[in-house]
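Nothing in this text is a laboratory measurement; each read-out follows from the coordinates by a stated rule. Please read all numbers here as calculations on a predicted model, not as lab measurements. In this analysis, Cβ positions are derived from the backbone assuming ideal geometry, glycine residues included, and neighbour counts consider all displayed protein chains.
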Amino acid sequence: MILFKRAETLAATHARTAVLFLAPTFLVLAAVGLYPLSRTIWLSFTDANFFADEARFVWFDNYIDLHSNPDWWAALYNTVFFAVASVALQVVLGIAFAMVLNVNFTGRKFARAANLIPLVIALTVASQLWKWMYHDVFGVVNDALLRLGLIQDPVAWLNNPSTALWAIIAMSTWKFVPFVTLLVLASLQGIPKELYEAAEIDGAGPIARFIRVTLPMLKSAIAVVVVFRMLDALRVFDIVYVMTGNSPATVTISMFARQQMIEFGLVGAGSAASVEIFLLIILGTMVYMRMLKVEDR
Amino acid sequence: MITRILSRTAFYLILAIGLFYILFPFYWMIVNSLKPSAELFATPLSYWPRQLTLDNYRAVLADGSFVRSIFNSFVVAGGATILSLALSSMAAYALARYRFAGKQATLYIILGMSTFPQIAVLGGLFTLARALGIYNTYWALILSYMIFTLPFCVWVLTSFVKEIPDTLDEAATIDGASAWQILWKVIIPLAGPGLVATGLLSFINAWNEFLFALTLTADNQARTVPVAVALFSGQSEHELPWGKITAASTVVTVPVVLLALMFQKRIVEGLTSGAVKG
């Protein structure tokens, strides 16, 4: 009986310490996250703007306007197209490169170190760099393709609406393939060697081993990477802002929302767009968290 | 035999293409920053500079507003990182060691914030910063950066603290140490390498942030490097000072790359546990 009581007080002490230790983190997150978020939600139901002092409550007007605005749908289309195409490329190339880096060869250490470089370069710096590489006259992409005879005339990659989005996708693929490589590599190293030996005894060739052993073992890691990268790609802002500005061919939902809010001063309308982006991402995050199974921690 | 040669060729081909794709833009940045502008704007392009010059670097370092933006970035990224590490080491200790009601929900909230769309708080933060009079100051950026640096630090540090055997805590408890003393005297010294890795990644994330920096600053009083690099402008839209841009990019990128290579193992650990390991 006494033992039971003591255990209970220990748990109570732990709980009290836990609350005390978590309180500062939660206070800050509430102040810088929750409060501005609720403010954005509130503003999305008003006609707040830079030109009038008093904001009126307008119910769902901003949302109705948003859904009848073709620019919003165009931005949503660009964003989804960008996210799907760039994540698909990143995952395929990332797996291929991880397979290569998982083999023992001289220079593997160097290759793994090189893999980190695109990851740590600032997105805006990388975007400026690629903008220069895509330059229609002095860009290295045109120069190389002309020398190789793959194109006859220089292409204005970023100004041409039919190539701009793909040019941005190629840049984002460069930036984030190393991330996929890193994570796939980590789970490749967890695959027991015996599985490959067993498959080899059964007469499976390299391709069969990849499809029958590697892919199934990587399945959950790949799923998590795909969702994580998708959530990031759907929020894309920096790359597009730097490389093509507000060009309608590439404008994304985050850019649309910021433009409404900050550049046009239509805080209410921009907030409504922000809230919809928030809901989209939250939905994806729930899927992501189900995959990670936080309970197992 | 033939399949072996084929697979070896395929292997080295993928390796070579992969490395070229990863490294070429980095190489191109450095090479272009060392070219005189006459060579920079001459076709066909030179893949190895015919003439090396440091003129672009001189121009960048003589540009007061760019140098100022580097200083601003250090203050903002450093401030957000130090504050986040201080708060998150307490939170991580509680999450790694104690069982309590609401722990599950706490972990979900912390993890959920790692995918939090910045745009969702932008309008609120913008109006809030103006109302508080901190718009265009360091505080606007330091505080807003904690939206992503703080959850990140909590998440990664929790997995680092879990690796420390809890027999040490028990021994300290028997000696009469309070939770606070255990955290400072046992956990923090042992979690040193983890703290460095976490701090470094948080610093890099804050250093590279763009959307808040662009929106919550108005001039070089608080403007950070990513904004300065993005807003470099020339005489006209078509005459961007590319020599200067590549030199500035090199100046801000090379230190980060060197740091990442020095702490490679820890960075990889931090990145994997930040996203997937869970």
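Explain nothing, just the number: relative contact order of chain A, from Cα pairs under 8 Å at least 6 residues apart, as a whole percent. Show your work: numbers first, answer last.
On the way: 291 pairs, mean separation 86.1, N = 297.
Result for chain A is 29 percent.
Measuring from the lowest to the highest alpha carbon on each principal axis, how far does region A:216-297 reach, largest first, in angstroms?
Extents along the principal axes: 48, 27, 17 Å.
If the elastic network links every pair of Cα atoms under 10 Å, which of B:Ser178, B:Ser65, B:Ser73 fluctuates the most in the Gaussian network model of chain B?
B:Ser178
A:Leu215 to B:Ile188: FRET efficiency via 1/(1 + (r/R0)^6), r the Cβ-Cβ distance, R0 35 Å, to the nearest 0.05?
0.25
Which trypsin sites (Lys or Arg not before Pro) in region A:30-131 pass both tests, a DSSP loop state and at most 12 other beta-carbon atoms within 10 Å?
Counting only loop positions with at most 12 other Cβ atoms within 10 Å, the trypsin sites (Lys or Arg not before Pro) in region A:30-131 are A:Arg56.
Hey, got the dipole for region B:71-189? About the Cα centre, +1 on K and R Cβ, -1 on D and E Cβ, debye to the nearest 20? The partial results should precede the final answer.
Details: 6 positive and 5 negative charges, 69 e Å.
My answer is approximately 320 debye.
If you keep only loop residues by DSSP, which chymotrypsin sites (Phe, Trp or Tyr not before Pro) in region B:35-74 have at most 15 other Cβ atoms within 10 Å of their Cβ? Provide the component values of the computation, followed by the final result.
Numbers: sites: B:Phe41, B:Tyr47, B:Tyr57, B:Phe66, B:Phe71, B:Phe74; in loops: B:Phe41, B:Tyr47.
Passing sites in region B:35-74 are B:Phe41, B:Tyr47.
Give A:Lys131/B:Lys35; A:Lys175/B:Lys35; B:Lys244/B:Lys265 a once-over and call out the pairs whose C-alpha atoms are over 22 Å from each other. The partial results should precede the final answer.
Values: A:Lys131/B:Lys35 18 Å; A:Lys175/B:Lys35 25 Å; B:Lys244/B:Lys265 33 Å.
Flagged as over cut-off: A:Lys175/B:Lys35; B:Lys244/B:Lys265.
When we measure straight from the Cα of B:Lys185, which aspartates and glutamates land under 12 angstrom away, once same-chain ones fewer than 8 places off are left out?
Partners found: B:Asp169.
To the nearest whole number, what is the average tally of beta carbon atoms from other chains within 10 Å of the beta carbons of peptide B:91-100?
Neighbouring Cβ atoms belonging to other protein chains average 6 per residue here.
Indicate the gyration tensor shape class of region A:60-296 (rounded, prolate or oblate), computed on the Cα atoms with a ≥ b ≥ c the square roots of the eigenvalues: a/c under 1.5 is rounded; otherwise a/b larger than b/c is prolate and the rest oblate. It would help to have the intermediate numbers written out before the result.
Numbers: a/c = 2.56, a/b = 1.40, b/c = 1.83.
Oblate shape, in that a/c is at least 1.5 and b/c is the bigger or equal ratio.
Based on the alpha-carbon set only, what is the convex hull volume of region B:1-145 divided per residue, in Å³?
Looking at region B:1-145, the number lands at 271 Å³ per residue.
Among the trypsin sites (Lys or Arg not before Pro) in region B:1-78, which ones are in a DSSP loop with at most 15 other Cβ atoms within 10 Å of the Cβ? Mind listing them?
In loop regions of region B:1-78 (DSSP not H, G, I, E or B), the sparsely surrounded trypsin sites (Lys or Arg not before Pro) are B:Arg50.
Give the range of the longest stretch in chain B that excludes all GluC sites (Glu not before Pro) found in loop regions by DSSP and having at most 13 other beta-carbon atoms within 10 Å.
Of all site-free stretches, the longest is B:1-162.
Work out from phi, with θ = phi - 60° and the Karplus expression 6.51 cos²θ - 1.76 cosθ + 1.60, the ³J(HN,Hα) of each residue of region A:211-220, listed in order in whole Hz, and give x for Gly and Pro.
Per residue, the Karplus-derived 3J(HN,Hα) values read 6, 8, 10, 4, 4, x, 6, 8, 3, 6 Hz.
What is the Cα convex hull volume of chain B when expressed per residue in Å³?
Expressed per residue, the convex hull around the Cα atoms of chain B is 208 Å³.
Per the helix-only calculation at 222 nm, which mean residue ellipticity applies to the protein assembly as shown, given -39500 (n - 2.57) for every DSSP H run of n ≥ 4 and division by its residues, nearest 500 deg cm²/dmol?
After summing the helix terms and dividing by the residues of the protein assembly as shown, the value is -23000 deg cm²/dmol.
With the Cα gyration tensor of region B:1-52 giving a ≥ b ≥ c as the square roots of its eigenvalues, does the rule (a/c under 1.5 for rounded; else a/b larger than b/c for prolate; else oblate) give rounded, prolate or oblate? Could you put the intermediate results ahead of the total?
Details: a/c = 4.98, a/b = 3.40, b/c = 1.47.
Prolate is the answer for region B:1-52, as a/c is 1.5 or above and a/b outweighs b/c.
May I ask you to list, by number, the DSSP H helices of chain B whose Cα span along the axis is at least 18 Å and whose average Kyte-Doolittle hydropathy reaches 1.6 or more?
B:119-132, B:242-262
So, in nm, how far is label B:Ile174 from label A:Ala208 when the simple model puts each one 7 Å beyond its Cα toward the Cβ?
5.8
Mind listing the long-range amide H neighbours of A:Thr46? Cut-off is under 5 Å, sequence gap 5 or more, other chains count too, H placed in the peptide plane at 1.01 Å from N.
Residues meeting the criterion, in which the H sits 1.01 Å from N, are A:Val58.
Could you list, bin by bin from short to long, the percent of Cα-Cα pairs of region B:179-249 in 5 Å steps?
P(r) for region B:179-249, in whole percents per bin: 3, 13, 15, 13, 15, 9, 8, 9, 6, 4, 3, 2, 0.
Evaluate the Kirkwood expression for the hydrodynamic radius of region A:1-124, namely the inverse of the mean inverse distance over all pairs of different C-alpha atoms, and round to one decimal in Å.
21.6
Which FRET efficiency, nearest 0.05, do A:Glu197 and A:Leu27 yield, Cβ-Cβ r, R0 56 Å? Provide the component values of the computation, followed by the final result.
On the way: r = 55 Å, r/R0 = 0.98.
With a Förster radius of 56 Å, E is 0.55.
Give me the percent relative contact order of region A:138-297, please, defined on Cα pairs under 8 angstrom at least 6 residues apart. Can you show the working numbers first?
Numbers: 94 pairs, mean separation 32.6, N = 160.
Reported as a whole number, the value is 20 percent.
Calculate, for B:Thr53 and A:Asp71, the FRET efficiency according to 1/(1 + (r/R0)^6) with r their C-beta to C-beta distance and R0 35 Å; round to the nearest 0.05.
FRET efficiency, B:Thr53 to A:Asp71: 0.15.
So what are the radius of gyration and Dmax for the Cα set of the protein assembly as shown, in Å?
In Å, with Rg to one decimal and Dmax whole: 25.3, 89.
If you average the sequence gap of Cα pairs under 8 Å that are 6 or more apart and divide by the length of chain B, what percent do you get for the contact order?
Relative contact order, chain B: 29 percent.
Between A:Phe105 and A:Phe264, what length in nm is gained on full extension when 0.36 nm per residue of separation is reduced by their alpha carbon distance?
So the chain would gain 51.7 nm between A:Phe105 and A:Phe264.
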